[in-house]
Every structure is written in structure tokens, then in C-alpha cells.
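This report concerns only the one structure given below.
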Amino acid sequence: MDSEAFHIALEYINLVFLVFTVVLFTLFSFMGYLSTRNSIHYRKKNSFGDISKIMASPLSPSITIIAPAYNEGLTIVENIRSLMSLRYVNYEVMVVNDGSTDDTLQKMIEAYDLERIPYQADPNWKSKPIRGIYKSPHRAFAKLTVIDKLNGGKSDALNTGMALSTNRYVGCIDVDCLLLPDALLHVVKSFYQRSEKRVIAVGGVIRIANSCVIQGGQLEEIRLPKNWLARFQLLEYTRSFILGRMAWGRIDSLLIISGAFGFFDREIALEAGGYDTNTVGEDMEIVFKMRRLMHERREPYTIEYMPDPLCWTEVPEDLKILMNQRDRWARGNLETLFKHKDMFFNSKFGRLGLLSYPYWFFYEWLAPLLEFFGFFTVILFAYLGILNWNFFIAITVAVYLFSIMFSFYAILWEVYSYNEYKKTKDILILMACALIEPFVFHPIIIYAAVRGNYKKLFRIKSGWGQQVRRGFAKAS
């Protein structure tokens with residue numbers, strides 16, 4: 001390659017990076033606008049009317065909350081107590097003990113005086129075998145059902161709950177999640193606020209409960225996490241849920257509902273095949289399948305998304321566990337995108353094929369890989385003396401400032417909308433996290449994403465990994 005052609009190639013590479021950056025800036029600015037519009041619309045729509053009396057009626061829609069549990073002995077009793085104290089009449093709590101090897105089942109039996117009830121096995125049962133079903137003879141615990149089964153993974157446990165439930169809606173949550181007392185009222189209202197479209201699923205914002213004070217299964221005091229990894233995740237969740245997913249919800253193009261807090265029309269979920277037991281990204285996969293089903297049926301439908309802080313969960317405070325989690329997310333993302341690759345720029349699926357899927361492909365999957373290999377490309381170009389330093393510094397500073405602006409906007413919008421962290425010190429700490437996140441936390445996430453893609457592409461066997469629960473802080 002002669003000198004002129006070489007320089008043309010370099011200019012072309014610079015142009016590609018510039019266009020990619022401008023597109024991302026435009027996309028994220030538009031997402032900020034859409035999420036703001038959606039949040040304002042949601043607050044106005046829900047600023048009047050008291051539905052608590054209606055939703056406390058025995059005639060209210062029935063819901064089953066399915067909570068898979070695997071080695072959750074440290075927090076299981078407290079978690080169930082929280083789920084049993086929701087302000088709703090017609091609901092059931094179904095805890096699926098997925099072959100725990102610790103004392104999870106024994107603690108539930110002792111705390112709620114559970115007794116094994118007769119159960120006849122279905123010869124056509126598709127999930128892992130059930131070892132027993134438990135109920136309590138006490139009226140106070142009548143809403144609780146415990147399913148004990150062989151280990152089959154989270155997806156298998158959720159499918160078991162869906163199959164055994166007889167209620168119209170099912171809520172699939174992580175057992176360590178803490179739902180606020182009014183959570184089901186908001187969920188049911190979201191299912192029934194639409195008249196022209198069938199609401200097939202409802203998702204919501206996930207808040208971080210690390211360092212918060214929990215007493216009797218209730219959230220007593222909201223505190224900023226003491227652990228720095230948890231603080232960075234709090235900032236990340238704030239951006240992702242309050243701005244990102246609210247924006248996609250605004251244009252009815254949401255492709256993922258968090259596995260920690262997702263509610264589904266049971267009929268549609270089962271017809272779509274339930275959760276896929278062959279993927280580690282089951283929360284994204286089921287939304288893809290349900291949306292595909294409704295498109296094929298040509299039936300008007302939608303997925304609702306709520307910004308209310310209804311669900312609080314514990315996030316990893318250990319670097320190794322965090323990386324395993326993000327590794328798994330990357331593998332699940334790639335599995336789902338590959339399985340539904342026919343949606344890519346396919347007008348048959350409307351905005352999902354023309355907008356949502358391309359976004360997930362280029363930003364959620366491709367961008368971390370480009371960023372990772374781009375880093376080494378910059379080092380190589382600098383070593384060879386062909387790096388355009390003016391262009392590199394300009395685009396790096398622009399990207400950094402834009403990321404800071406986007407994070408600051410997410411923090412300020414959270415303060416304006418729900419103001420969970422009322423201390424000025426806490427807000428300043430989050431803003432400080434935003435300033436250093438690109439240099440400290442973001443590289444970890446990029447590396448974990450690359451590692452996950454590497455494992456999947458080269459078929460390196462890797463499972464779910466294990467989350468070690470520390471348990472919530474108790475009121476003193």
C-alpha cells in the first residue's frame with residue numbers, strides 16, 4: 001500500500017469513529033428527551049385517583065409472585081416476610097426452591113410451619129422433577145406456597161411456577177428483592193390502563209438496597225451504598241432504568257424487562273413457550289418471544305414500564321462476582337440476538353426490527369467490542385507514529401464530557417422525580433462517581449462484556465455463576 005492510500009485509509013477510520021460518535025450522541029440525547037417526556041406523562045397520569053380501595057377488593061385480578069430460590073438461607077425468611085406484607089388481596093407467593101444445598105427449605109418450613117401436601121406428578125412434566133409442595137395450615141400464611149424441586153436453573157424454576165399457577169398474571173422476581181407494599185397496586189393498574197391494546201407485560205425500575213435499613217421485611221431507611229462498586233452500579237442503574245428503558249417504553253419498543261421485577265400475562269407467556277432454559281439471558285429472551293408471538297397473531301399489544309421505585313435489590317460488592325454477572329449478561333445478550341437475527345432491520349416487526357434490535361446489536365453488543373479493540377488500536381497507532389493526536393484528544397474529551405453530562409442529567413432527574421437520596425452529600429458522591437466512572441468502573445464492564453462474548457463465540461462452557469448474599473442491614 002502506497003503512502004497516499006495509507007493516509008486515505010487512516011482518514012476513513014477517523015471518519016468511521018466520528019460518525020459512530022455523532023450517532024451515539026444523537027441517540028442518547030433523543031433517549032434523554034423521550035425518557036423525560038415519558039416520566040412527566042406517567043406522573044401526570046398517576047397524580048390523581050385512589051385505587052387502593054378498588055385493588056384491595058377480592059374481585060381484583062389474581063397474581064402469583066414466583067420467586068426462585070437457590071441457597072438463599074441467609075435471607076429467605078426475611079424476603080418471604082416482605083412478599084407476604086404487600087397491600088393486595090388476591091395474590092399468591094410461590095417460592096420455588098431450586099434444589100438448594102443449604103438450609104433454605106428447612107428455614108422456610110420452620111419459620112412458616114409448612115406441611116407437605118399431596119401432589120400427583122404429571123407424566124408430561126417438562127421441568128425438573130418436583131420433590132414436594134408445601135403449604136402452611138395457618139391462615140396468616142395462606143398466601144404462601146413452597147415448591148421443592150431438583151435443580152434446573154432459574155428459568156426452569158420460573159417455568160415450574162408458571163405451570164403450577166392458576167392466576168391470570170405472574171410476577172417473576174428474584175427472591176432477594178424487596179417489593180414496596182404498594183407494588184402490586186401499581187402493577188395491576190398498569191395492566192388495566194390500556195383499552196385499545198393488550199398489556200402483555202409490565203416492568204419497572206430496579207433500585208439498589210445495599211446499605212439500606214430493612215426491618216420486618218420493610219424498607220425503613222434508604223442509604224447510599226457504602227461500597228464503591230455498589231455506588232457505581234447505582235449510578236449505572238439510574239442511567240439505564242430512569243433514562244434508557246423509560247425512553248424505549250415511550251415508543252413501545254422495550255426489549256428487556258429485568259428478571260428482578262417482571263410481571264406477565266400468564267396466558268401469553270405460556271403460549272410463547274415460557275422461559276428458555278438454554279440461555280442465561282432468560283429475561284430478555286422471554287420478551288422477544290412474547291413480542292414475536294403478538295406480531296404473528298397481529299393483535300394490538302404493548303409492554304408497560306413504570307418509573308416508580310417499587311423494587312429494591314442487592315447488587316454485587318465483590319469484583320469477581322460483578323464480573324461474572326456482566327459476563328453472563330453479555331453471553332445472554334449474544335444468545336438472544338443470534339436466535340432472533342431474522343428481526344434485524346426487518347420491517348415485519350415494525351419498530352422492533354427497524355430500531356430496537358439494531359440498537360441492541362450496535363450498542364449493547366458491538367460497542368463494547370469496538371471500544372475494547374479500539375483501545376489497542378490507539379496504542380498501536382501511537383507506537384507506529386501515525387496517530388492523529390488532535391483528532392484523538394478532541395473526540396476523547398467530547399465523549400467524556402458527554403458521558404458526564406448524561407450521568408449528571410440522570411442524577412438530577414432522579415432527584416427531581418423521586419428524590420430517594422435526600423442528603424446533599426449523597427448527590428455529590430454520585431456526581432463524583434460519574435466523573436471517575438469512565439476510568440475506573442467502565443473498563444471493568446467492558447472487559448467483562450468482551451470475556452462473555454469470547455466464551456460464547458468460542459463455546460467455552462460457563463454457567464450462571466454464584467451471587468453471594470450479604471443480607472440487608474437491620475434497624476438498630
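The values are calculated or read from the model by the stated rules, or taken from the named source; none is laboratory data. No experiment lies behind these values; they were computed from the predicted model shown. Don't worry about glycine lacking a Cβ; one is built from the backbone with ideal geometry, like all the others, and counts go over all protein chains shown.
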With the checklist (1) in contact (Cβ under 8 Å) with a residue 60 or more places away in the chain; (2) surrounded by 14 or more Cβ atoms within 10 Å (Cβ to Cβ); (3) acidic (Asp, Glu); (4) farther than 15 Å from Ala449 by Cβ in hand, flag the one item Glu299 doesn't pass. (2)
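Of everything in region 382-410 that's over 19 Å from Leu27 (Cα atoms) and touching a residue at least 12 places away in the same chain (Cβ under 8 Å), which residue is surrounded by the fewest Cβ atoms within 10 Å (Cβ to Cβ)?
Pass one, region 382-410, residues over 19 Å from Leu27 (Cα atoms): 382-394.
Applying the additional criterion that residues be touching a residue at least 12 places away in the same chain (Cβ under 8 Å) yields 386, 388, 391-392.
Details: Ile386: 11, Asn388: 14, Phe391: 14, Phe392: 15.
Filtering region 382-410 for residues that are over 19 Å from Leu27 (Cα atoms) and touching a residue at least 12 places away in the same chain (Cβ under 8 Å), the one surrounded by the fewest Cβ atoms within 10 Å (Cβ to Cβ) comes out as Ile386.
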Can you list residue pairs whose Cβ atoms sit under 7 Å apart, with the first residue in region 331-348 being surrounded by 11 or more Cβ atoms within 10 Å (Cβ to Cβ) and the second being part of a helix (DSSP H, G or I) and among the charged types (D, E, K, R)? Count only pairs 6 or more apart in sequence or on different chains. Arg331/Lys455; Arg331/Lys456; Asn333/Glu364; Leu334/Lys456; Glu335/Lys456; Thr336/Glu285
Going through region 193-234 one residue at a time, which ones are assigned to a helix (DSSP H, G or I) and either at pLDDT below 90 or buried (at least 22 other Cβ atoms within 10 Å of the Cβ) (or both)? Arg231, Phe232, Gln233, Leu234
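For region 58-121, give me every one of the strands (runs of 3 or more DSSP E) that falls completely inside it and has 2 or more residues that are loosely packed, with under 14 Cβ neighbours inside 10 Å.
On the way: elements: 63-69, 91-98, 115-117.
Counting at least 2 such residues, we get 115-117.
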Which pairs do you get when a residue that is not assigned by TED's automatic domain parsing to the domain that holds Leu255, found in region 355-373, comes within reach of a residue that is surrounded by 15 or more Cβ atoms within 10 Å (Cβ to Cβ) and small (Gly, Ala, Ser), reach meaning Cβ atoms under 6 angstrom, with the pair 6+ apart or on two chains? Leu355/Ser253; Ser356/Ser253; Pro368/Ala449
Can you find even one residue in region 432-448 that is of a type in the set (Ser, Thr, Tyr), touching a residue at least 12 places away in the same chain (Cβ under 8 Å) and within 30 Å of Leu337 (Cβ to Cβ)? yes
Would you point out which residue out of Asp318, Asp252, Asp276 is more than 16 Å from Gly171 (Cα to Cα) and buried (at least 20 other Cβ atoms within 10 Å of the Cβ)? Asp276
